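Chemist: One structure coming up, written as structure tokens, with questions to follow.
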């Protein structure tokens with residue numbers, strides 16, 4: 001991770017601030033005192049364009065290509081107009097990073113323009129399956145903050161494609177954004193980044209058909225610095 005940080009030209013404090021992790025923790029990871037957690041890998045991908053495959057396995061490239069609306073500050077590169085895709089933004093549908101928020105409406109409030117080829121080749125998603133929603137609440141801080149946009153891959157709602165990761169889910173009448181992990185015995189656990197919030201352990205068999213629904217997997221976040 002030290003190599004990636006230096007490639008970005010960031011000091012430890014700046015790097016830590018951009019991904020929402022303490023400087024002390026980053027220092028311990030770089031020195032080998034602590035392991036590189038999935039939480040940090042997710043944060044580096046979301047906020048700085050780091051390639052998870054490089055961080056975990058050393059597979060090139062180190063950094064994913066930067067496109068408008070995603071990535072590393074001032075190093076944006078132009079995208080040909082015929083490569084731009086427009087992802088609908090639903091500003092009135094809030095994903096609660098907290099105890100749950102009810103959807104107000106499903107009207108499109110704007111479009112997020114990104115490179116279609118970058119989404120397909122580097123994020124490995126089809127632009128046709130994407131939607132952007134607004135985060136509310138503080139349970140996913142410091143990874144996600146209130147008012148930020150997250151881009152969801154709606155095709156991940158297929159139960160056969162679900163793996164551990166950050167998801168938007170509907171639990172009864174609430175929409176939540178949480179880290180999802182499958183457990184043995186037909187259970188899942190929904191966890192927050194903010195330690196003030198307790199994990200939610202859910203027995204899928206007890207919920208019934210409409211108790212829990214996967215809305216989509218979080219694949220990108222539009223950050224505010």
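Chemist: Label-point separation (nm) for residue 124 and residue 30, each offset 7 Å from Cα along Cα-to-Cβ?
Modeler: 2.9 nm
Chemist: I would also like to ask the following. Sort the following peptides by mean Cβ neighbour count (other Cβ atoms within 10 Å, averaged over residues), highest first: 215-222, 127-134.
Modeler: Peptide ranking by packing, descending: 215-222, 127-134.
Chemist: While we're on this one: Rounded if a/c is under 1.5, else prolate if a/b beats b/c, else oblate: with a ≥ b ≥ c from the C-alpha gyration tensor eigenvalues square-rooted, which is the stretch 2-57?
Modeler: It comes out rounded by the Cα gyration axes.
Chemist: Using the basic label-point model (7 angstrom from Cα toward the beta carbon), what is the residue 206 to residue 83 distance in nanometres?
Modeler: 5.0 nm
Chemist: Compute the length gained on full extension between residue 11 and residue 37: take 0.36 nm times their separation in residues and subtract their Cα-Cα distance, giving the result in nm to one decimal. Don't skip to the end; give the middle numbers.
Modeler: On the way: separation 26, 0.36 × 26 = 9.36 nm, distance 2.01 nm.
Residue separation times 0.36 nm, minus the Cα-Cα distance, leaves 7.4 nm.
None of the figures in this text is laboratory data; all of them are computed from the coordinates on show. Keep in mind that what you see is a predicted model, and the values were worked out from it rather than measured. Every residue, glycine among them, receives a Cβ derived from its backbone with ideal geometry; neighbour counts consider all protein chains shown.
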